[in-house]
1. Here is a list of conditions, (1) open to solvent by 10 Å² or more (accessible area, probe 1.4 Å); (2) within 30 Å of residue 177 (Cβ to Cβ), and residue 14 meets all of them except one; can you say which number that is?
2. Within the stretch 188-205, can you find the residues that are on the phi < 0 side of the Ramachandran plot and open to solvent by 10 Å² or more (accessible area, probe 1.4 Å)?
3. Search the stretch 150-172 for residues that are within 16 Å of ligand 2 (Cβ to nearest atom) and open to solvent by less than 20 Å² (accessible area, probe 1.4 Å) and pair each with any residue that is acidic (Asp, Glu) and at pLDDT 95 or above when their beta-carbon atoms are under 9 Å apart and the residues are at least 6 apart or on different chains.
4. Here is a check on your reading of the model: is residue 1 among the hydrophobic types (A, V, I, L, M, F, W, C), open to solvent by 70 Å² or more (accessible area, probe 1.4 Å) and more than 12 Å from ligand 1 (Cβ to nearest atom)?
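The values are calculated or read from the model by the stated rules, or taken from the named source; none is laboratory data. Note that the coordinates shown come from a computational prediction; the quantities given were computed from them, not determined experimentally. Positions of Cβ are backbone-derived with ideal geometry, glycine not excepted, and every protein chain shown enters the neighbour counts. Calculation scope for accessible area: heavy atoms of the full protein, side chains included, ligands and nucleic acids excluded. Shrake-Rupley method; radii C 1.70, N 1.55, O 1.52, S 1.80 Å.
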Amino acid sequence: MKLQVNDIRKWMEVSNQLIQENKSYLTELDQAIGDSDHGINMARGFQEVITKIQDQTYETPTDMLKDVAMTLMSKVGGAAGPLYGTAFLKLSMAWKDKDEIQLNDIKGGLQAGLDGIKQRGKATSGEKTMIDVWEPIVQLLSENDNIDSSFFEETAKKAMNDTKDLKATKGRASYFKEKSIGHIDPGSASSYYIFSALSTSLEGA
Ligand code: ADP
Ligand code: MG
């Protein structure tokens, strides 16, 4: 299992496809416990990512992910833009000078991305945010030497659904207090699409 520049490109393309297909769903989730913009923010940002990277030649995953990070930071908006931007920037830095990304690099990179999100959002697990999808992925990766490509899709899906039972204590959803319980966190859903796309790009890689 290893990722090269073109696999990372595929990861971003499939992320974009899933986000475009589920734009209304993400907006619905953010309507319940936010301000209804998450689908619009993410669809705009990821479309810009594809526009930015599609015709460029990149030497390394790091170079491509730096562009991805900068685009997300400047084009997504809301709370999620800087958070995803930070995550992808940390990922890019963790993979510096590598042509091929192995499972161990994925572990280290996602750990760095998670740490970046936590730092930037001043949040931790259990607060009903995207962290509640990233954290179990990083945790289970650290406990397993072997995973198959479906790991990311399956783990993220369960983690996303588990955010339903949590009470939001960070971000806009925290204004809803107890009423935030019973709804999936929008950022956990968009993170699920990103991890689902990672599974797709790992198939046969
Ligand atoms: P906004 O809340 O500014 O409208 P979005 O709707 O685009 O931004 O994104 C909301 C998502 O961002 C939430 O569902 C949650 O997953 C994530 N989020 C919000 N605040 C934080 C935070 N402090 N730390 C981590 N994630 C957060
Ligand atoms: Mg919102």
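1. Single failed check for residue 14: (2).
2. So the first thing to find is which residues in the stretch 188-205 are on the phi < 0 side of the Ramachandran plot, and the list is 188-203, 205.
Listed by number, the residues that qualify are 192, 193, 196, 200, 203, 205.
3. 163/132; 163/185; 168/127; 168/185
4. Values: among the hydrophobic types (A, V, I, L, M, F, W, C): yes; open to solvent by 70 Å² or more (accessible area, probe 1.4 Å): yes; more than 12 Å from ligand 1 (Cβ to nearest atom): yes.
Spelling it out, residue 1 is indeed among the hydrophobic types (A, V, I, L, M, F, W, C), open to solvent by 70 Å² or more (accessible area, probe 1.4 Å) and more than 12 Å from ligand 1 (Cβ to nearest atom).
This table checks each residue for (1) of a type in the set (A, V, I, L, M, F, W, C); (2) open to solvent by 10 Å² or more (accessible area, probe 1.4 Å); (3) within 16 Å of ligand 2 (Cβ to nearest atom); (4) within 25 Å of residue 204 (Cβ to Cβ).
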residue	(1), (2), (3), (4)
35	no, yes, yes, no
44	no, yes, yes, no
53	yes, no, no, yes
63	no, yes, no, yes
